[in-house]
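To start, the structure under review is shown below, and the notes come after it.
No lab work stands behind these numbers, since they all come straight from the coordinates. Keep in mind it's a predicted model, so treat the numbers as computed, not measured. Ideal geometry is used to build each Cβ from the backbone, glycine not excepted, and the neighbour counts take in all protein chains shown.
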């Protein structure tokens, strides 16, 4: 529990946290004949604690990757994020999951041969993160005119970029927040959806070359 805050505050730990004090009151319980009942309760609480622990292990193993259908090279970042979350490094895990989403976007740009017109034309997947996000936001499905990434996904990507940049500067005030796990799930689901849309469709994306106007 010292290394797993989620376990320490879970209901499964409640009984053990209180009953472990039996050692401090051993003589008093022995004198009153309560020691057998207290030992029985401690064993029961230990069982509930272990059951809760194994439940968390199972949940952590599936966290953010259970529904992913990405190539191994793209899924590796999300597996690393999953491992970091399981060890309690939620903030770092969130940043790595954001890097995983960025990696999916770069691979889409590479596979679909999207370019970016700056002073010269460069492959969009080689652009800096800000320009990559903006370039892919301007790409649309030719048949429907819908953007490849929605305004919400664009905002999410820029937010992850801001978090990552903030983490590089200790005095920036960037801190973890209560919904890191929910945010990581959203990020992995978005990456999976984008990759599935592009990898299973032969529909054309336009324009092939995005002119930087932002």
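For the stretch 1-87, what class follows from the C-alpha gyration tensor (a ≥ b ≥ c being the square roots of its eigenvalues): rounded when a/c is under 1.5, otherwise prolate if a/b is larger than b/c, else oblate?
In terms of gyration-tensor shape, prolate.
DSSP beta bridges fully contained in the chain are about 65 percent antiparallel.
Just want the ordering: 72, 189, from fewest to most Cβ atoms lying within 10 Å of their own Cβ.
Working: 72 7, 189 14.
With the sparsest Cβ surroundings first, the list reads 72, 189.
Can you tell me how the stretch 50-167 classifies by the Cα gyration tensor, rounded, prolate or oblate, using a/c under 1.5 as the rounded cut? Here the stretch 50-167 falls in the prolate category. Between residue 193 and residue 34, residue separation times 0.36 nm minus the direct Cα-Cα distance comes to 51.4 nm. Among 204, 154, the order by Cβ neighbours within 10 angstrom, fewest to most, reads 204, 154. Among 129, 59, the order by Cβ neighbours within 10 angstrom, fewest to most, reads 59, 129. Out of every Cα pair in the chain, what percent are spaced more than 23 Å from each other? It works out to 58 percent of all Cα pairs. For the pair residue 21 and residue 5, the difference between a 0.36 nm per residue extended length and the Cα-Cα distance amounts to 3.8 nm.
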